[in-house]
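*Asks:* Sharing a structure below in structure tokens format, with a few things to ask.
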Amino acid sequence: MNQPLLQRARRRFRRAMARKTKESVQTWRALTQGVRPGLHAFVVGAQRSGTNMVMNILDRSYDTTVYHERDPRAFDEYLMRSPETIDNLIVRARAPVFVIKALCEMDRLPWLMERFAPARVIWVVRHYDDAVNSSLRSFSKVPDQVSALVDDPDSHVWMGKGMSRETHARLRELHYPGMNDASRVALFWYTRNRLLCDTGIAGDPRVMLVSYERLVTNPH
């Protein structure tokens, strides 16, 4: 086996062992101490802002039950399943904090925080340069989808949901024919982060803004 494959196999093994250990500890706590979720946390941010990293950090804690957006129990094609489905997952959780990704549901955060109260939001903010570069490598369709949003905010299911008239007007003002891909993705970064204000949760004490750059340079 070549070295890169061996290293990946070792990482997968370590993650699997850590997951098993966490599950065992949480099962013991649930049986002996009756530990169950008392707080629900939604991790959000513009796509490619480092939310996966934050989710992985939270997943290391024995005090969390974490559902990533690739988990079919909680998501269908990256869209969160029904509230009733999430309720069933919460009932089976064995940790004091239930954590779930909500990138495509950012427009519904005020409702989600009330529906799953007590709840908190962790909003990850990354400088647009790095977020755009990462998006261009991973999502080739985003630039054209952004151009479509200029004409119709409802053209791509979740991508324009919750966008205020003011934000859409600003999007139309900034967009122009022939705009390059990087600039169009930057506009998407702008509209997604504007949801902090468009949804009315800016300044809400239940919402924590986390700087990606500060987190990676000073994790503690």
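*Asks:* Taking the Cα centre of the stretch 25-138 as the origin, how large is its charge dipole in debye, to the nearest 20, when only Lys and Arg (+1) and Asp and Glu (-1) carry charge on their Cβ atoms?
*Replies:* Details: 15 positive and 13 negative charges, 71 e Å.
Dipole of the stretch 25-138, to the nearest 20 debye: 340 debye.
*Asks:* Once you have the Cα-Cα distance between R8 and H127, take 0.36 nm times their residue separation minus that, and quote the gain in nm to one decimal.
*Replies:* Here the answer is 39.9 nm.
*Asks:* Out of every Cα-Cα pair in the stretch 118-207, what percent are more than 20 Å apart? Intermediate results must be reported in sequence, preceding the final value.
*Replies:* Values: 1472 of 4005 pairs.
Summing the P(r) tail past 20 Å for the stretch 118-207 gives 37 percent.
*Asks:* Is the stretch 70-115 rounded, prolate or oblate when judged by the Cα gyration tensor, a ≥ b ≥ c being the square roots of its eigenvalues, rounded requiring a/c under 1.5 and prolate requiring a/b larger than b/c?
*Replies:* Since a/c reaches 1.5 but b/c is at least a/b, the shape of the stretch 70-115 is classed as oblate.
*Asks:* Let me spell out the model: positive unit charges on the Cβ of Lys and Arg, negative unit charges on the Cβ of Asp and Glu, origin at the Cα centre of the chain. What dipole size does that give, in debye rounded to 20? Walk me through the numbers before you get to the answer.
*Replies:* Values: 34 positive and 24 negative charges, 272 e Å.
Using only the charged Cβ atoms, the result is roughly 1300 debye.
*Asks:* Taking the alpha-carbon centroid of each part, what is the distance from the stretch 147-220 to the stretch 39-115 in angstrom?
*Replies:* Taking the Cα centre of the stretch 39-115 as reference, the centre of the stretch 147-220 is 20 Å away.
*Asks:* Just the number please: accessible area per residue for the chain, 1.4 Å probe, all protein chains included, in Å². Don't jump to the answer; show the numbers that get you there.
*Replies:* Numbers: 12750 Å² over 220 residues.
Each residue of the chain exposes 58 Å² on average to a 1.4 Å probe.
*Asks:* Within the accessible area of the stretch 93-220, what % is carbon and sulfur when the probe is 1.4 Å and the other protein chains stay in place? Let's see the in-between values first.
*Replies:* Numbers: 3500 of 6830 Å².
Result for the stretch 93-220: 51 percent of the exposed heavy-atom area is carbon or sulfur.
*Asks:* Now a separate question. Of the listed values (i) 61, 50, 33; (ii) 40, 37, 36; (iii) 90, 52, 34, identify the label whose number matches Cα extents along the principal axes in Å calculated from this model.
*Replies:* (i)
*Asks:* Would you please state which residues of the stretch 111-151 a label at E77 would reach in this model, taking the label point 7 Å out along Cα→Cβ and a backbone N cut-off of under 19 Å?
*Replies:* 139-146, 148-149
*Asks:* Between A41 and residues 5 or more places away or on another chain, which pairs have amide H atoms under 5 Å apart, with H built 1.01 Å from N, and which residues are they?
*Replies:* F98, V99, I100, R120
*Asks:* Next question, about the same structure. Once you sort the root eigenvalues of the Cα gyration tensor of the stretch 1-132 as a ≥ b ≥ c, which label holds: rounded (a/c under 1.5), prolate (a/b larger than b/c) or oblate (the other case)?
*Replies:* Numbers: a/c = 1.98, a/b = 1.07, b/c = 1.85.
It comes out oblate by the Cα gyration axes.
*Asks:* Taking the full set of protein chains and a 1.4 angstrom probe, give the accessible area of L103 in square angstrom, rounded to the nearest 10.
*Replies:* Rounded to the nearest 10, that gives 10 Å².
*Asks:* Suppose only helical runs count, i.e. DSSP H with n ≥ 4. What mean residue ellipticity at 222 nm does that imply for the chain under -39500 (n - 2.57) per run, divided by all residues and rounded to the nearest 500 deg cm²/dmol?
*Replies:* Numbers: 9 runs with 112 residues, N = 220.
About -16000 deg cm²/dmol.
*Asks:* Let me ask something additional. How far, in nm, would the chain grow between T21 and D63 when pulled straight, counting 0.36 nm per residue and subtracting the alpha carbon separation? Mind showing how you got there, number by number?
*Replies:* Details: separation 42, 0.36 × 42 = 15.12 nm, distance 1.28 nm.
Once the chain is fully extended between T21 and D63, it gains 13.8 nm.
*Asks:* How far is helix 181-198 tilted off the main Cα axis of the chain, in degrees rounded to 10, range 0 to 90?
*Replies:* On a 0 to 90 degree scale, this one is about 70.
*Asks:* From the phi of every residue in the stretch 136-142, what ³J(HN,Hα) in whole Hz does the Karplus formula 6.51 cos²θ - 1.76 cosθ + 1.60 yield, where θ is phi - 60° and glycine or proline is x?
*Replies:* 3J(HN,Hα) across the stretch 136-142, in whole Hz: 4, 6, 9, 10, 6, 8, 4.
The values are calculated or read from the model by the stated rules, or taken from the named source; none is laboratory data. If you're wondering where the values come from, they're calculated on a predicted model, not measured in any experiment. No Cβ is skipped: glycine too gets one built from the backbone with ideal geometry, and neighbour counts run over all protein chains shown. With ligands, DNA and RNA removed, areas are computed over all heavy atoms of the protein, side chains included. Shrake-Rupley method; radii C 1.70, N 1.55, O 1.52, S 1.80 Å.
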